[in-house]
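The values are calculated or read from the model by the stated rules, or taken from the named source; none is laboratory data. Keep in mind the model is a prediction, meaning the values are calculated, not measured. FYI the Cβ positions are ideal-geometry reconstructions off the backbone, even for glycines, and counts take in every protein chain you see. For accessibility, only protein heavy atoms count, side chains too; no ligands or nucleic acids. Shrake-Rupley method; radii C 1.70, N 1.55, O 1.52, S 1.80 Å.
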Amino acid sequence: MKNISKSLIISILALTMSFGSNAQEHNEQVTVEGSYRPQIKRSERLVKNPETPKNNFNIPEYKASTKDFDYGYDLEMETMSALQYKPSQDSDIKGNMLKAAFGTRLSPVFSYHHYSDLSKTMSLKVGIDHYSTWLDQKDYKKSTFMNNGANIVTTNKFKAGQLDIFGNYHYDMYHLRSYDDYLGNEITNDNGRNIHSLKAGAKWTSIGTSYRQLYQEYSGDYHYARIVGGTNENQVNVNAHLAYSDSWIGKKSIDNLQTINVDFGANFDYVYKSQFMIGLKPNFTMNGEFYGLKLGFNVDFKTDEKAGFYPDIKGSFLLFNKDLELFAKLGGCSKINTFESIVKENPFVTTDFTYLSDFGYEKNSFDFDFGAKMNIFNILDLYIGGRYRIMENGLFYIPDYDFYANYDKDDAIYHLQAFDVTFMDYNLWKFMFDVNWKINDDANASLSMTFNNYSISRAWYKPAFELTLGGDYRLDDAWKFNASALVMGKRWALDENAQEIELKTALDIQLGADYQLNKDLVAFAEIHNLIHNKYQLYYNYPSMGFELFLGLKYKF
């Protein structure tokens, strides 16, 4: 207990010292079909995050759109420019871990994760993360690109269930470019974007299954997001999930179950104007030896909008001892467009949305998915599929040509480049392909491709083609290697003269190696953007280019 108390004190002190800290992912990512889902999360190539004390190289975790999203969740479409790090409050971290590295652009990286069992029924997780750059750079100036984050989670176990209480705080700084390039070098105290975000909440999960007893999950959280000197947002979310299973149809057996599920959600959002949405999603599921079936619907009620009603139907057919699944599903839903999700995706948006009042509701009025999953000899997972969606009020980024601002301790007014948002209705055809190959016990490879066809002539910043490649190899007990690559095809944007331009293809290659010095200490090297491809995530904000990181990971 003495050691636990000592660790707890150290963790609390470290958490207090790091009070410029860490944003929680707005919502869980919902994956689409496919037993393997390779992913490269946006921004991970710049913000090193060893969420677990494993010794793997942290490849950039870009969220390929083959995984897409269901509404009420964020869509991770963008890649690895200097955007903020978003950890998950429920990551399974057991043990203590410290990671420190330094990049060739004089870029310090620091991560600390602590786990301790305070008692037989209570545990504590603490995380602290920092990344900044000390060199003047064309796109992100000295000390103005920085991510700081902290999160804390307590898990409390009771006879009836488990209660998780969490809090996350994140503080980010970014340079905002000037339309008048010659003014850019005169901005010496550049605080173009100071973004704060906070999330706090709790989740209750009942113990046991829903088999002949009611399984329950309840959660609630509060979100706050702010650009200093500009827009503020407050959100409150309440969710509940109830499930009950029994053998109503066919043989009375635990192997032959049908389940009734009910999901309830209430979302309140205030940005100059309040929005409120209540959603209800009941469904019935059953699975047999050769089939799976889901029958349900989604209904939502929204402020100043008509109620939405959507089917929630899925059917699957299983062949070859369930190694081949053919599936189709029909659905739809709505979500509130939040300022928090906008500024996470694009921190260079305008600071003031007063005249916009609210962002409205994004509606997926028709969503049809189809495809097949296959497992071959337990070494090859394949997924191929398609999707057709009818979207209403979809969000896109366009330039804000009339944005002027000054900087702290600087009385001059600068004409700065920022982005506004626009909303468009469109239809989308999407074709997807995923493959994961377990070559042997020491090597794995993956490939993911997506083709997008929008009904509108210019879907600003949305790529027509995306490809991710990944692989890892264990040479021996000491050496591990990892590599990944991202390709993003044609994307359209508007320049400072309101002219349409095509952004060049993005190609980002990452390499990494770990060397096990002893049981608990690992030395690692990571190369980001190997070929120094200065692709633009958003117009005039290129990626950071080539960088080499060297560091240590220590678990204790």
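Brief remarks on what is shown
- Residues whose amide H falls under 5 Å from that of ASN298, counting only those 5 or more places apart or on a different chain, are TYR310, ASP312, with hydrogens built in the peptide plane.
- Three-way shape call for region 392-549 based on the alpha-carbon gyration tensor, with the a/c threshold at 1.5: oblate
- Number of Lys pairs (Cα under 22 Å; 8 or more positions apart or on different chains) in region 410-494: 4
- Amide hydrogen neighbours beyond the local backbone of GLN417, cut-off 5 Å, H modeled: ARG177, SER178, TYR179
- The alpha carbon convex hull volume per residue for region 239-331 rounds to 114 Å³.
- Here the Karplus relation 6.51 cos²θ - 1.76 cosθ + 1.60, evaluated at θ = phi - 60°, turns the backbone of region 546-551 into coupling constants of 4, 7, 10, 10, 10, x Hz, with x for every Gly and Pro.
- Overall form of region 153-288 per C-alpha gyration tensor (a/c, 1.5; a/b vs b/c): prolate
- Rounded to the nearest whole Hz, the Karplus-based 3J(HN,Hα) values (6.51 cos²θ - 1.76 cosθ + 1.60, θ = phi - 60°) of region 385-402 follow the sequence x, x, 8, 10, 10, 10, 10, 10, 6, x, 9, 9, 9, 9, x, 9, 7, 10, with x at glycine and proline.
- Normalised contact order of region 402-551, rounded percent, pairs of Cα under 8 Å and 6 or more residues apart: 13
- Prolate/oblate/rounded call for region 313-408, Cα gyration tensor, a/c under 1.5 rounded: prolate
- Averaged over its residues, region 425-542 has an accessible area of 46 Å² per residue, based on protein heavy atoms and a 1.4 Å probe.
- Label-point separation, VAL299 to ILE390 (7 Å along Cα→Cβ), nm: 2.1
- Between amide H atoms placed 1.01 Å from N, distances below 5 Å from GLY161 occur with ILE207, all of them 5 or more places distant or on a separate chain.
- From phi via Karplus (6.51, -1.76, 1.60), per-residue ³J(HN,Hα) for region 263-273 in Hz, x at Gly/Pro: 10, 10, x, 10, 10, 10, 9, 10, 9, 6, 8
- Pairwise centroid distance, computed over Cα atoms, of region 496-516 with region 290-343, Å: 33
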